[in-house]
1. Tell me, D215, D314 in order of fewest to most beta-carbon neighbours within 10 Å?
2. With unit charges on the beta carbon (Lys/Arg positive, Asp/Glu negative), name the residue among I118, V102, Q87 whose Cα is farthest towards the positive pole of the charge dipole of region 78-136.
3. Could the peptides 276-282, 42-48 be put in order, highest first, of the mean number of other beta-carbon atoms found within 10 Å of their residues?
4. Sort W236, W117 by Cβ crowding within 10 Å, fewest neighbours at the top.
5. When Y261, Y301, Y212, Y100 are ordered from fewest to most other Cβ atoms inside 10 Å of their Cβ, what list results?
Amino acid sequence: MKRFLQFFVAALAVAAGATLMAQSAPQINYDGVVDALSLPSYGEVAGVATNSRGNVFVYARTGHAVATLGDERTFYHGGSRLFQFDQTGKFVKEIGQGVYAVNFAQQVRVDPQDNIWIVDAGSNMVVKFDPDGRLAMVLGRKPENIPVRPGPGIPANVADVKSAAEAAARGAAPAAGRGGGGRGGGTPGVGINGDNFNRPSDVTWDKAGNVYVADGFGNNNRIAKFTRDGNFIKQWGSTGAGQGQLSGIRGIASDAAGNIYVADAGNKRISVFDGEGTFKSQITGIGTPMAICISGGATQYLYSSNSNEAESMDNGEIYKVRLNGQVAGRFGSAGKLAKQFGMANAIDCRTENNLWVGEVWNWRAQKVTLK
């Protein structure tokens with residue numbers, strides 16, 4: 001009993017220290033521009049990214065997906081769009097219009113070769129377009145059958161996202177579904193080898209071009225690794241709170257050394273692995289990490305949003321963190337004005353002090369400059 005009490009007191013001290021660390025992080029001065037892009041409205045901005053030429057890409061949830069009933073299957077399509085803007089914010093074109101995978105936008109990223117990648121939680125697919133917007137690679141596949149759930153504005157098979165996130169926050173394993181682990185007595189959340197995704201949330205790469213997919217917004221809590229050509233190599237992770245375990249993965253990023261950073265939202269931490277999946281360390285004291293990004297340059301920084309929930313004005317700040325886990329500062333709060341953030345789901349940080357933040361709540365991509 002005495003040993004248990006000592007452990008409990010120590011755990012409280014660690015939690016209190018993490019909270020104090022978050023509260024005492026220095027405030028960073030910054031500017032925010034909410035009208036930097038010329039398209040006036042495009043729905044919930046799930047992803048925003050830039051390329052080496054300064055072009056901006058926005059992946060947004062623009063409307064209801066359309067369901068088509070067949071003899072044995074329910075197909076749904078549409079509901080999201082991928083837009084490209086030039087360096088001045090002028091609309092250039094739409095990419096992937098009518099593409100089979102574009103259903104429920106989750107993220108967009110641009111790799112070092114300026115290829116554009118979308119992550120779609122509705123179709124369970126990750127799609128690569130070349131720098132000119134031509135289809136280059138597909139990872140994942142739509143389910144053979146999609147149960148359509150009632151409710152306005154809720155795409156098929158996406159209604160479970162909220163319940164899965166709530167289960168992760170409680171530390172419980174979500175119910176197993178397509179691609180989920182734990183079936184037949186297996187380990188919960190390990191998923192199925194390959195690109196059998198269950199609502200993937202993000203994608204990143206290493207110097208060799210290997211692709212890492214965060215497959216953890218649904219029932220899986222794993223990282224899947226592929227070659228640059230899309231061949232499956234390995235995976236790691238399962239549902240839980242131990243070292244190497246994950247719960248409710250919201251984002252993924254990589255540094256110049258090839259380390260992989262995972263926004264382990266259900267465990268309120270960022271878990272750090274090497275490129276082979278070996279656990280290295282964890283970063284805490286930054287709230288619940290949602291969108292994450294690692295900047296370019298000689299000295300890299302990790303940015304992580306402690307995003308507000310859909311019906312809350314709590315949190316909303318973004319943390320700037322050194323790669324050793326030390327918090328350098330924080331900026332922002334929840335709200336609808338410029339320099340505020342509403343459910344930040346994406347951060348692009350090509351350079352240390354120039355960011356783009358995608359906001360689901362405010363239907364915008366905000367340009368942020370740190371001072």
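1. Going from least to most buried by this count: D314, D215.
2. Going by the Cα projections, it comes out as V102.
3. Result, highest mean Cβ count within 10 Å first: 42-48, 276-282.
4. Final ranking by Cβ density, sparse to dense: W236, W117.
5. Y100, Y301, Y212, Y261
Values in this text are rule-based calculations from the coordinates and carry no lab data. Quick caveat: nothing in here was measured; it's all calculated off a predicted structure. All Cβ positions, even for glycine, are placed from backbone atoms using ideal geometry, and neighbour counts span all protein chains on display.
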